[in-house]
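Enquirer: Can you read through this structure? Questions will come right after.
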Amino acid sequence: MKGMIEIISYQEVKGKNKELAKKEFDNLLEKIKKEYRCEVLSVDEDWEEREGFYTFIAELKVQFDTFLDYIKFSVNYAADVDVVEPPKLVLDPKEFGEALAYIIDFFKRFYKKYNVAFNVQTQDKIEIDIEEYKKGIYDEEDIDDFEEQGLIRVKAVFEGFGVSEEEVVKRMLFSLNKDNIVINKIITKELEKEGPYKDVGFYGVIGVEMLCRPVDIVEISYKFVPVVISIESKRIEISCLELQDIGNELGGAIFELSHVVMMERPVQSK
């Protein structure tokens, strides 16, 4: 990575007991200051009479030497962030891939521990020519054009099961087929159906080659937790705003999932 990442982060703690809330707030700030280069810019204290909560809010300036450190902060502290520097971040595929691997592992463990997950939207009656996707939709010249537009070439492998291979593939394509995600090719491989999958029509892996923005790759990583994901583009450029979107996307996902754990109801996809 070229250049250091600097952000403004807002941390908040609420509680009905002022002393306990203040203690938790102070412990949070101390923990962040021990883990990162952090400067406390301001601290606000408020009493919400209607809700009966004491609220403590800190404005922090935090610096990171690596993209992975920024990602770890975003998922572990579920923070609202404003990225100050750099105007543009340039990463190699390995560094970006390491961050994606961390995201996938983090959310996989979170889902397993709390038995929650995002419900990805699907649609049964859709017309998709699967054979065309198996051949590949675009040629190398088209793919180069997409990369020139700032999209990143990605290959990901997902585990899937359903009544048939066609149904599983259509569900996957529909779930991924959105603005700024260009799906080029799919490959399927059926696996031995054992345990909970022994009575399903199809159980296997689906390989998908696609082109998308960095923030979309991050969203795919935490929502779909692919078995494998690899970056095929040789250079990844992330603007300041894209970097900010990535941090807030991850922080928002953790906040939403944590709320569901507390309320014990299913999470709906964004």
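Enquirer: Within 13 Å, Cβ to Cβ, of ILE181, how many net charges do the neighbouring residues add up to if Lys/Arg are +1 and Asp/Glu are -1?
Expert: Details: positive: ARG153, LYS178, ARG213, LYS223; negative: ASP179, GLU209, ASP216, GLU219.
Its environment carries a net charge of 0.
Enquirer: Same structure again: Pop a pseudo-label 7 angstrom from the Cα along the beta-carbon direction at both LYS178 and LEU191 and give the gap in nm to one decimal.
Expert: For LYS178 paired with LEU191, the spin-label model returns 2.5 nm.
Enquirer: When a/c reaches 1.5 or more, the comparison of a/b and b/c decides; with that in mind, is segment 93-235 rounded, prolate or oblate per its Cα gyration tensor?
Expert: oblate
Enquirer: With r as the distance between the Cβ atoms of TYR102 and LYS18 and R0 = 41 Å, compute the FRET efficiency 1/(1 + (r/R0)^6) and round to 0.05. Walk me through the numbers on the way to the answer.
Expert: Details: r = 36 Å, r/R0 = 0.88.
So the FRET efficiency works out to roughly 0.70.
Enquirer: Which trypsin sites (Lys or Arg not before Pro) from segment 164-218 combine a DSSP loop assignment with at most 12 other Cβ atoms within 10 Å?
Expert: Those that pass, being in a loop and sparsely packed, are LYS178, LYS198.
Enquirer: Is the C-alpha gyration tensor of segment 1-77 telling us rounded, prolate or oblate? Criteria: a/c under 1.5 is rounded; beyond that, a/b larger than b/c is prolate, otherwise oblate.
Expert: Details: a/c = 2.74, a/b = 2.57, b/c = 1.06.
It comes out prolate by the Cα gyration axes.
Enquirer: Just to confirm, what accessible area per residue do you get for the chain at 1.4 Å probe, in whole Å²? Working shown, then result.
Expert: Details: 15110 Å² over 270 residues.
Here the residues of the chain average 56 Å² of exposed surface.
Enquirer: Still on this model: Would you work out if the chain is rounded, prolate or oblate? Take a ≥ b ≥ c from the square roots of the eigenvalues of the alpha-carbon gyration tensor; rounded if a/c is under 1.5, else prolate when a/b is larger than b/c, oblate otherwise.
Expert: Working: a/c = 2.61, a/b = 1.54, b/c = 1.69.
It is oblate, given that a/c is not under 1.5 and a/b is not larger than b/c.
Enquirer: Filter LYS88/LYS234; LYS112/LYS134; LYS134/LYS170 down to the pairs with a C-alpha to C-alpha distance above 24 Å, please. If you can, show how the numbers build up before the last one.
Expert: Numbers: LYS88/LYS234 16 Å; LYS112/LYS134 32 Å; LYS134/LYS170 12 Å.
Too far apart for the 24 Å limit: LYS112/LYS134.
Enquirer: Still on this structure: For segment 65-117, state what percent of all Cα-Cα pairs lands in each successive 5 Å bin, counting from 0 Å until the bin that includes the largest distance.
Expert: The calculated distribution, bin by bin, is 4, 16, 23, 24, 18, 8, 5, 2.
Enquirer: Tell me which of ASN76, PHE64, TYR54 sits at the most positive position along the dipole axis of segment 42-90, charges placed on C-beta atoms (Lys, Arg +1; Asp, Glu -1).
Expert: PHE64
Enquirer: Would you list which lysines come within 21 Å of LYS31, measuring only between C-alpha atoms, while excluding same-chain residues fewer than 8 positions from it?
Expert: List returned: LYS14, LYS18, LYS22, LYS23, LYS61, LYS72.
Enquirer: Also, quick follow-up: Once you list every other residue whose beta carbon is under 13 Å from the beta carbon of ASP44, what net charge do they have if Lys and Arg are +1 and Asp and Glu are -1? If you can, show how the numbers build up before the last one.
Expert: Numbers: positive: LYS14, LYS22; negative: GLU12, GLU45, ASP46, GLU48, GLU59.
Combined, the nearby Lys, Arg, Asp and Glu give -3.
Enquirer: Where the accessible area of the chain is counted over protein heavy atoms with a 1.4 Å probe, how much of it, in %, is carbon and sulfur? If you can, show how the numbers build up before the last one.
Expert: Working: 7140 of 15110 Å².
The computed percentage sits at 47.
Enquirer: Here is a further query. State, to one decimal in nm, how far the label point of GLU127 lies from the label point of GLU51, with both points 7 Å from Cα in the Cβ direction.
Expert: 4.9 nm
Enquirer: If you don't mind, another one. What is the calculated FRET efficiency for GLU256 to LYS31, with r their C-beta to C-beta distance and R₀ = 22 Å, to the nearest 0.05?
Expert: Values: r = 23 Å, r/R0 = 1.03.
The calculated FRET efficiency here is 0.45.
Enquirer: Could you pull out the trypsin sites (Lys or Arg not before Pro) across segment 1-110 that fall in loop regions by DSSP (anything but H, G, I, E, B) with no more than 12 other Cβ atoms inside 10 Å?
Expert: Details: sites: LYS2, LYS14, LYS16, LYS18, LYS22, LYS23, LYS31, LYS33, LYS34, ARG37, ARG50, LYS61, LYS72, LYS88, LYS94, LYS108, ARG109; in loops: LYS2, LYS16, ARG50.
Listed in order of number, the matching sites are LYS2, LYS16, ARG50.
Enquirer: Another one. Amide H neighbours of THR188 under 5 Å, counting only residues 5+ apart in sequence or on other chains, H built in-plane at 1.01 Å?
Expert: Residues meeting the criterion, in which the H sits 1.01 Å from N, are GLY207.
Enquirer: Can you tell which of TYR36, TYR54, TYR222 shows the greatest fluctuation in a Gaussian network model of the chain with Cα springs below 10 Å?
Expert: Looking only at TYR36, TYR54, TYR222, the largest GNM fluctuation is found for TYR54.
The values are calculated or read from the model by the stated rules, or taken from the named source; none is laboratory data. What you see is a predicted model; the values in this text were computed from it and never measured. Cβ coordinates were reconstructed from backbone atoms using ideal geometry, including for glycine residues, and neighbour counts include every protein chain displayed. Surface areas here come from the heavy atoms of the whole protein model, side chains and all, with no ligands, DNA or RNA. Shrake-Rupley method; radii C 1.70, N 1.55, O 1.52, S 1.80 Å.
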